[in-house]
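One structure below.
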Amino acid sequence: MANPSRLLIVDDNEDILSTFYEFFNSMGYEVKTAVDGFAALKLLRDKSNFFDCLITDLVMPNISGVGLITIVKKEYPHLKIIAMTGYGDQPGALASEAEADVVLFKPIDLFKIENTVTELINQKNDKQEN
Amino acid sequence: MSTPLIGVSKSILKIKELINHVANTCLNVLITGETGVGKEVVAQSLYAESNRSTKNFVKINCAALPETLLESELYGYEKGAFTGAHRKRPGKFQTADKGVLFLDEIGDMPLALQSKMLHVLQSGEFSPLGSDYEFKTDVWVIAATNHDLEESIYNKTFREDLFYRLNIIKIDIPPLRKRKEDIAPLIEYYFRLYKSEYPDNHGSKPDSDTLAKLCNYPWPGNVRQLQNCIKKQMVLKSWEKIFDELPREHQENIPHIHTDSQHNGTQPFVNHDFANDRSGIISEFVDLSTSSDKLFEDISLKKIKKLASDRVEKEVISFVLEKVGWNRSRAAKILKISYKTLLYKMNEFKVHPPVK
């Protein structure tokens, strides 16, 4: 891949984080990770326009996934966002309200999420080409 | 002038950095931490760094008012809405418009008002009591509590949907005993503050031994307790007296400091004639091994009554809870107190179920 897509993955569970990292890395993506919304926000503000897609958990300390999504949609409207949650309907509903592009419920099939990432990035590229 | 957030510990520095990153987002914030850790100070810092700092900062304590009064304070009322409503009165949501509404002790808000609050947070609209109209409101809601809201959700005393709506940004302030390095800067700050407020008082800054002792004390009342001690010291002019007034049960960790009066050999109060049951009981609550002057200063019936009744209450509560397998609603019924009072007392006396 000439220009690998760049992902930012955020989850306070380090096992999930490393699983996602390994998987997407092996699929040819350039991956950065953050353990909560605050760490993710600092990465994003440091490298604005670097990432193509953000995959974030919702219930996290400091800045929650919902908070992160709201801030990102305002500051970086072109960044595609996938929200993941394992805490019932409430956080998922709030993530949709915050305009996450896709909300997925855990447990999540990694291949399915990779498909979603591809679709979202293609959408973004199509838009930019038009 | 609001109090700045004082501290050099990792956790306080991180909170400062977080405040700096989120102050302009106006996302709902939930501040948690034990009583006296400085939740309002954090809320004030968020406000001061935000672009709402020229507007109002309106505070309401959700635990201090009965349900109906809290409702009319929050939303206001129209003339004639209820007996005694002689004229229209704006609520806090109106006064805080374009500014900040600080909901202190949100964990104590009655359930009925929690649903109403949720509606306002979802729709950005509220209706004063007795009014047919909904008004738009643009407030930044910062809530604080010393309760573990997840436990309150489990016990059905707090709405889960309201929790997630408030918990967008979560700031947890650790107790002072977990960030001892903040104690010296806090003393420095408050010492200077009180000195400037009461220039005639001649309290002294703690020397290194006293400071070590202060750092070893667990500060169950956190920064507020430390603040009070510094203030008291300005009046009493003796750190020794301050230590003597600190609750006994927390003092076992403090290394003993010899004072001049002890070196001078002032007669201790205990003698053998007195070493009977009576002194045994009294000595559980007052240190009898000090000089009579100091002892008489320490003996306050009110203080001893509180210490003694707390001790017995703690034992009775633990006893009943163990008997009913830590079923708190049953225990509350047996003890003939409300469920809320039981949770409060369990928290106050640090009665916790055994870890499985």
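See the values below:
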item	result
Top-ranked residue in region A:15-43 [being β-branched (Val, Ile, Thr) and under 12 Å from the mean Cα position of the chain (by Cα); ranked as nearest to residue A:58 (Cα to Cα)]	A:33
Residue, modelled with the lowest pLDDT, within region A:87-111, restricted to residues that are within 22 Å of residue A:41 (Cβ to Cβ) and outside any helix (DSSP H, G or I)	A:87
Sole exception among (1) surrounded by 21 or more Cβ atoms within 10 Å (Cβ to Cβ); (2) over 23 Å from the mean Cα position of the chain (by Cα); (3) under 21 Å from residue B:167 (Cβ atoms) for residue B:76, by number	(3)
Test result for residue A:105, out of contact with any helix residue (DSSP H, G or I) (no Cβ under 6 Å at 6 or more places or on another chain) and under 27 Å from residue B:28 (Cα atoms)	yes
Of all residues in region B:123-142 being touching a helix residue (DSSP H, G or I) at 6+ places or on another chain (Cβ under 7 Å) and within 14 Å of chain A (Cβ to nearest Cβ), the one that is surrounded by the most Cβ atoms within 10 Å (Cβ to Cβ)	B:142
All positions within region B:172-187 that are surrounded by fewer than 19 Cβ atoms within 10 Å (Cβ to Cβ) and assigned to a helix (DSSP H, G or I)	B:177, B:178, B:180, B:181, B:184, B:185
Flag for residue B:312 being over 25 Å from residue B:108 (Cα atoms) and in contact with a Lys or Arg (Cβ under 7 Å, 6 or more places away or on another chain)	no
Hey, residue B:293 in contact with a helix residue (DSSP H, G or I) (Cβ under 9 Å, 6 or more places away or on another chain) and either at pLDDT 70 or above or polar (S, T, N, Q) (or both) or not	no
Strands (runs of 3 or more DSSP E) (entirely within region B:1-107) containing at least 1 residues that are away from chain A (no Cβ under 14 Å) and not hydroxyl-bearing (Ser, Thr, Tyr)	B:57-61, B:100-104
All positions within region B:40-55 that are surrounded by fewer than 16 Cβ atoms within 10 Å (Cβ to Cβ) and either β-branched (Val, Ile, Thr) or touching a helix residue (DSSP H, G or I) at 6+ places or on another chain (Cβ under 7 Å) (or both)	B:53, B:54
Residues being farther than 20 Å from residue B:16 by Cα and charged (D, E, K, R) - total across region B:41-60	2
Residue in region A:41-52 that is surrounded by the fewest Cβ atoms within 10 Å (Cβ to Cβ), counting only those that are more than 9 Å from chain B (Cβ to nearest Cβ) and in contact with a strand residue (DSSP E or B) (Cβ under 9 Å, 6 or more places away or on another chain)	A:47
Residue match in region A:53-68 (condition: surrounded by fewer than 22 Cβ atoms within 10 Å (Cβ to Cβ), within 11 Å of chain B (Cβ to nearest Cβ), assigned to a helix (DSSP H, G or I) and not hydroxyl-bearing (Ser, Thr, Tyr))	no
Residues that are among the small types (Gly, Ala, Ser) and over 25 Å from the mean Cα position of the chain (by Cα), drawn from region B:79-100	B:80, B:81, B:84, B:85, B:91
Matching residues, region B:111-132, being of a type outside the set (D, E, K, R) and part of a helix (DSSP H, G or I)	B:111, B:112, B:113, B:114, B:115, B:117, B:118, B:119, B:120, B:121, B:122, B:123
Qualifying residue in region A:93-108 (condition: touching a residue at least 40 places away in the same chain (Cβ under 8 Å), farther than 22 Å from residue A:49 by Cβ and away from chain B (no Cβ under 14 Å))	no
Residue within region B:160-171 that is in contact (Cβ under 8 Å) with a residue 12 or more places away in the chain and loosely packed, with under 14 Cβ neighbours inside 10 Å present	no
Residue that is surrounded by the fewest Cβ atoms within 10 Å (Cβ to Cβ) [pool: residues in region B:196-232 that are polar (S, T, N, Q) and touching a residue at least 12 places away in the same chain (Cβ under 8 Å)]	B:204
Top-ranked residue in region B:168-188 [being under 30 Å from residue A:93 (Cα atoms) and out of contact with any Gly (no Cβ under 7 Å at 6 or more places or on another chain); ranked as nearest to the other protein chains (Cβ to nearest Cβ)]	B:170
Candidate set from region B:133-157 (those that are part of a loop (DSSP other than H, G, I, E, B) and in contact with a strand residue (DSSP E or B) (Cβ under 6 Å, 6 or more places away or on another chain)); member that is farthest from residue B:36 (Cα to Cα)	B:134
Qualifying positions in region A:18-40 - more than 14 Å from every other protein chain (Cβ to nearest Cβ), touching a strand residue (DSSP E or B) at 6+ places or on another chain (Cβ under 6 Å) and in a helix (DSSP H, G or I)	A:20, A:21, A:24, A:25
Test: residue A:83 is outside any loop (DSSP other than H, G, I, E, B), surrounded by 13 or more Cβ atoms within 10 Å (Cβ to Cβ), away from chain B (no Cβ under 11 Å) and touching a strand residue (DSSP E or B) at 6+ places or on another chain (Cβ under 6 Å)	yes
Meets criteria (assigned by TED's automatic domain parsing to the domain that holds residue B:20, under 21 Å from the mean Cα position of the chain (by Cα) and more than 21 Å from residue B:246 (Cβ to Cβ)) for residue B:163	yes
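The values are calculated or read from the model by the stated rules, or taken from the named source; none is laboratory data. These numbers were taken from a predicted model, which means no experiment stands behind them. Counting neighbours? That spans all protein chains shown, and the Cβs are built from the backbone with ideal geometry, glycine included.
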